[in-house]
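What follows is calculated from the coordinates using simple rules that are stated; it is not laboratory data. Keep in mind that what you see is a predicted model, and the values were worked out from it rather than measured. Cβ placement follows ideal geometry from the backbone for every residue including glycine, while neighbour counts extend to all protein chains displayed.
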Ligand SMILES: [Zn+2]
Ligand SMILES: [Zn+2]
Ligand SMILES: [Zn+2]
Ligand SMILES: [Zn+2]
């Protein structure tokens, strides 16, 4: 058997909020994005959901420099997601957006020396260059028509703030733009810390014995007794349907077994490797190339355990995924100070 690759596992951890600001180049979940390039930020249109056309919110970012190119000395990949549960469909990533940002060591925004780990009065952030949405931290081209002192990306986020804070502030002229506000539409904020996976495959992991396959096949036929299912399909077809089922059963067993060694992992980083799939039958057939022409490669995947930290569970439909697989330009092509779209694939257990 080929030697296993080293996978970096990501875990969430509470930390001082100031350590999650842009100048520390964090990997983090929730809150507002710690933008890498501070100007220009992605437009409000670029951050709208492809299903409902409403604004998405920040899910997480992974700081992953690429030492093979000088212009990716700093490099961060961002994921945004729509909070509307109805936009979340099985094996469809239309409610998600992935963006890549890169900067050289000498750049327009940050000094080359590591930042001092203390809070500072004037944080180096994107608000120096553009008005930001008070709710989501994205660009804020719209302002409150009454007082003119707060900015938003969209009328949706203006409504969120109006209900939460601004209705009272606006009428009393007591808007404090410096005070950190919390909004239910954003996810709780955590740092992502990583450690290398130590994995020793169990001998029989992911392997189904012949007897087990036969047992599952019999069970499958048994469960369809009485319906005209077993009579309307030729034996051969049923056999292949049964074996198809076990291929996916096997895959999810493999997935669970691999995760179980470190059940708190929320992210697996394995650039150039292969995702740990939940199902084989719904894997992507092909990944679109980067706009520069270079192929995209797998970079990292987000695991379902993250959902338990996001306070999204409720009865009926809710935000969900089996795994989110992010594919990025294999060349980390130069994008200047811009944010470019990368590819994300959402796989679910159906
Ligand atoms: Zn949506
Ligand atoms: Zn916004
Ligand atoms: Zn106002
Ligand atoms: Zn590219």
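Structure values in brief
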read-out	value
Cα Rg, Dmax (largest Cα-Cα span) when computed across the stretch 7-111, Å	14.8, 44
GNM flexibility winner over the chain from 13, 191, 169 (Cα, springs under 10 Å)	169
Rh (Kirkwood; distinct C-alpha pairs) - the stretch 50-206, Å	18.9
With 10 Å bins from 0: P(r) over the stretch 93-146, alpha-carbon pairs, percent	16, 35, 35, 13, 1
Helix 235-260 vs. the chain, principal-axis angle (Cα, 0 to 90°, nearest 10)	50
Helix-only [θ]222 nm of the chain, DSSP H runs n ≥ 4, -39500 (n - 2.57) each, per residue, nearest 500	-5000 deg cm²/dmol
At 1.002 mPa s and 20 °C, Stokes D of the chain from Kirkwood alpha-carbon radius, µm² per second	95
Gaussian network model of the chain, springs between alpha carbon atoms under 10 Å - residue of 159, 116, 130 with greatest fluctuation	116
The chain: relative contact order as a whole-number percent, Cα under 8 Å and 6+ apart	23
C-alpha long axis of helix 210-223 to longest principal axis of the chain, angle in °	90
Rounded D (µm²/s) - the stretch 127-202, Kirkwood Rh over Cα pairs, Stokes-Einstein at 37 °C, 0.692 mPa s	228
Residue 171/residue 43 FRET efficiency (R0 25 Å; Cβ-Cβ; nearest 0.05)	0.20
The stretch 43-157, relative contact order [Cα under 8 Å, separation at least 6], %	21
Inter-label distance for residue 196 and residue 127, nm, one decimal - labels placed 7 Å from Cα along Cα-to-Cβ	4.1
Separation between Cα centres of the stretch 76-112 and the stretch 140-168, rounded to whole Å	24
